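First comes the structure, then the notes that go with it.
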Amino acid sequence: MTELLRTEGLAKRFAGLVANEDIDFRLEAGTIRCVIGPNGAGKTTFISMISGHLSPTEGRIFYKGRDVTPLSVVKRARVGIARKFQTPTVFDNLTAYQNVELAVLGTSCPSHKRRQRIFEVLDLIRLSELWDMPVQFLSHGQRQWLEVGLLIGVEAELLLLDEPTAGMTAEETGSTAKLVQRLARDYRLSVIIIEHDINFIRDLRAPVTVLHLGRVLREGSFDEVAADEQVREVYLGQDAG
Ligand SMILES: Nc1ncnc2c1ncn2[C@@H]1O[C@H](COP(=O)(O)OP(=O)(O)OP(=O)(O)O)[C@@H](O)[C@H]1O
Ligand SMILES: [Mg+2]
């Protein structure tokens, strides 16, 4: 398998507080990785360093073999690393179509293929029937999907999703798991996904990295991680698994 992302000894300290420490992480192209852990474990800090929103105190980040540690957020976006924040940042007064169009306009997609490409993205995020709906009238879940659609629209290769199902209905959460699986399977996108919803993590059937106190506590399949004594102690509790 081809390595897409690797971190070596990644650390972030805030005035003495250790948010991340000694994180060696590896992600293959076209795969999904779940990152879980208790509140304050360092999950958001970790993806903020990958997206370039935070610079590491120590360590290096390699993307497709290239050291991207010094690159800004904008430059990392240009090489294919894109991040979705917890609150959707879509344009409320524009339609779903226009939002995706703005994303696609920044790519090399020729103008005669643009419409087709926009509908391909809208289809994927289940919004093609609502294409001309101003985004302010979409549900919370649909707006979250639209933001994922914008990342696809800009042709990101590595998607960083921080709690994408927060506030979604159970049905929307289920659809999100299917969407993420499809992105990896059909589009060979790679996804790092932070979530607290354990049922969602289980549904993804992807390897899991558990962070605790800023360090990697365990890595493995959902079942391996869920059965781990230490993981259960610090995070999942007795009723998980
Ligand atoms: N900008 C900052 N300045 C100071 N401390 C910070 C900053 N960002 C995060 N921290 C601290 O770093 C630690 C890790 O925070 P982080 O947000 O990465 O955790 P998390 O795993 O994403 O938690 P949650 O599940 O609550 O989102 C916490 O103790 C947090 O208070
Ligand atoms: Mg967080």
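The values are calculated or read from the model by the stated rules, or taken from the named source; none is laboratory data. Please read all numbers here as calculations on a predicted model, not as lab measurements. Glycine gets a Cβ as well: all are built from the backbone with ideal geometry, and neighbour counts include every protein chain shown. Protein only, heavy atoms only, side chains kept; ligands, DNA and RNA dropped before computing areas. Shrake-Rupley method; radii C 1.70, N 1.55, O 1.52, S 1.80 Å.
So the values come out like this:
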{"quantity": "Check on Leu160, at pLDDT 95 or above and of a type in the set (A, V, I, L, M)", "calculated": "yes"}
{"quantity": "From the options Val104, Val18, residue that is in contact (Cβ under 8 Å) with a residue 24 or more places away in the chain and not assigned by TED's automatic domain parsing to the domain that holds Ile194", "calculated": "Val104"}
{"quantity": "Subset tally (residues that are more than 20 Å from Leu161 (Cα to Cα) and of a type in the set (Gly, Ala, Ser)) for segment 193-241", "calculated": "5"}
{"quantity": "Qualifying residue in segment 189-196 (condition: open to solvent by less than 50 Å² (accessible area, probe 1.4 Å), under 22 Å from Ser108 (Cα atoms), among the aliphatic types (A, V, I, L, M) and in a strand (DSSP E or B))", "calculated": "no"}
{"quantity": "Pairs with Cβ under 6 Å, 6+ apart, first in segment 205-227 and without any contact (Cβ under 8 Å) to a residue 24 or more places away in the chain, second hydroxyl-bearing (Ser, Thr, Tyr) and within 16 Å of ligand 2 (Cβ to nearest atom)", "calculated": "Glu219/Thr209"}
{"quantity": "Residue list for segment 74-110, restricted to those being on the phi < 0 side of the Ramachandran plot and in contact with a strand residue (DSSP E or B) (Cβ under 8 Å, 6 or more places away or on another chain)", "calculated": "Arg76, Val79, Ile81, Ala82, Arg83, Lys84, Phe85, Gln86, Asp92, Asn93, Leu94, Thr95"}
{"quantity": "Yes/no for Leu5 being in contact (Cβ under 8 Å) with a residue 40 or more places away in the chain, open to solvent by less than 30 Å² (accessible area, probe 1.4 Å) and away from ligand 1 (no atom under 16 Å from the Cβ)", "calculated": "yes"}
{"quantity": "Any hit, segment 80-98, residues being open to solvent by less than 50 Å² (accessible area, probe 1.4 Å), more than 24 Å from Glu195 (Cβ to Cβ), within 20 Å of the chain's Cα centre (by Cα) and aliphatic (A, V, I, L, M)", "calculated": "no"}
{"quantity": "Residue within segment 48-58 that is more than 16 Å from the chain's Cα centre (by Cα), among the polar types (S, T, N, Q) and within 15 Å of ligand 1 (Cβ to nearest atom) present", "calculated": "yes"}
{"quantity": "Test result for Gly237, open to solvent by less than 50 Å² (accessible area, probe 1.4 Å), outside the structural domain of Trp145 (by TED's automatic domain parsing) and free of Cβ contacts under 8 Å to residues at least 24 places away in the same chain", "calculated": "yes"}
{"quantity": "Meets criteria (surrounded by fewer than 18 Cβ atoms within 10 Å (Cβ to Cβ), within 16 Å of ligand 1 (Cβ to nearest atom) and in the same structural domain as Ile47 (by TED's automatic domain parsing)) for Leu213", "calculated": "yes"}
{"quantity": "Whichever residue in segment 26-41 is open to solvent by less than 10 Å² (accessible area, probe 1.4 Å) and under 14 Å from Arg218 (Cα atoms) and, among such residues, is farthest from ligand 1 (Cβ to nearest atom)", "calculated": "Cys34"}
{"quantity": "Flag if Leu138 is away from ligand 2 (no atom under 16 Å from the Cβ), open to solvent by less than 20 Å² (accessible area, probe 1.4 Å) and over 21 Å from Val191 (Cβ atoms)", "calculated": "yes"}
